[in-house]
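Report on the structure given below.
Quick note: the coordinates plus some simple rules give every number you see, no bench work behind them. In this text the structure is predicted, and so the values were computed from the model without any measurement. Glycine gets a Cβ as well: all are built from the backbone with ideal geometry, and neighbour counts include every protein chain shown.
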Amino acid sequence: MAKMHELLAVIGDRSNAATAIIKESRDTFAKRADHFKGQTRTIRFFDESRSAENVSETKEVVTTVADKLDHTSRVVGKYWDALLELETTNGNARADIVLNGTVLASDVPATFLLGMETRLKELREVVLSIPILAPEMAWTEDTTAEYTFVSAPAVNFRGEKTMKHKVLYDATDKHPAQIEKWTEDIPVAKIETVHRSTMLTPLAKSKMLGRVDKLIAAVKAARQRANTVEVEKREIAKSMFDYMIHG
């Protein structure tokens, strides 16, 4: 008996063929009705002396409506029967999700496993976008808050401009004193900054990505195992087309 993964491999082609033949048949019936008509046209002159001019012309029927419907039913029927088999077998296609020897979920339907692969890949993009702690800073876990890191204190000083002066030459009875003036930034305060962050460490993010990748691989493996179930043989198309065409 065929395996479900073999049926999955052909279902798309049968769907495309069914869609194409339905369109082609509809166009033929609607736009090329002359395919189903034929005639024989005979000309005979009463005057026997003109018998050489007698002529018979025949236009053959290209096909019959019955033949066209029969061809359509065979192509479409293969798709319908395959789809029924697939949907029926899907109910029996199940597998366990196993990771590192541990069963995370048992008897998971193949259809769910297929969708779960996509959802996990979407989640991986979320994890990939998680910001990480600035690597140029030293971080330790904050014991006062969960999932929070604190940086080592960064120390800076606040300065204020202070006017300074120096007498270059004392005053005399002929000249005033010569004084040089300038400003200096004098530290007046110490600024200590401690940063807090709830971002992940690069290592934690890397490990999380690794776990998501393992989950994706486990779900994919489960789906592949589920798709090895034997196809349950079913047919529906013949009875439907027989009723439609013959009543």
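Placing unit charges on the Cβ atoms only, positive for Lys and Arg and negative for Asp and Glu, gives the chain a dipole magnitude near 60 debye about its Cα centre. Does the chain classify as rounded, prolate or oblate by the C-alpha gyration tensor (a ≥ b ≥ c root eigenvalues; a/c under 1.5 gives rounded; else a/b over b/c gives prolate, otherwise oblate)? The shape class here is oblate. Which of the residue pairs LYS121/LYS205; LYS59/LYS238; LYS3/LYS23; LYS31/LYS238; LYS3/LYS238 have a Cα-Cα distance greater than 25 Å in the structure shown? From LYS121/LYS205; LYS59/LYS238; LYS3/LYS23; LYS31/LYS238; LYS3/LYS238, over 25 Å: LYS59/LYS238; LYS3/LYS23; LYS31/LYS238. Counted over the chain, the DSSP beta bridges are approximately 95% antiparallel. Listed values for segment 152-161 are Karplus-derived 3J(HN,Hα) couplings in whole Hz (6.51 cos²θ - 1.76 cosθ + 1.60, θ = phi - 60°), namely 5, x, 9, 9, 9, 10, 9, x, 10, 6, and x replaces Gly and Pro. For segment 107-151 and segment 196-247, what is the separation of their Cα centres, given in Å? If we compute the Cα centre of each part, the gap is 23 Å. Put simply, the amide H of ASP142, placed in the peptide plane, has neighbours under 5 Å in THR148, PHE149, VAL150, leaving out anything fewer than 5 places away on its chain. For the chain, take the longest principal axis of its alpha carbons; what is the angle in degrees between that and the long axis of helix 237-246, to the nearest 10 within 0 to 90? On a 0 to 90 degree scale, this one is about 40.
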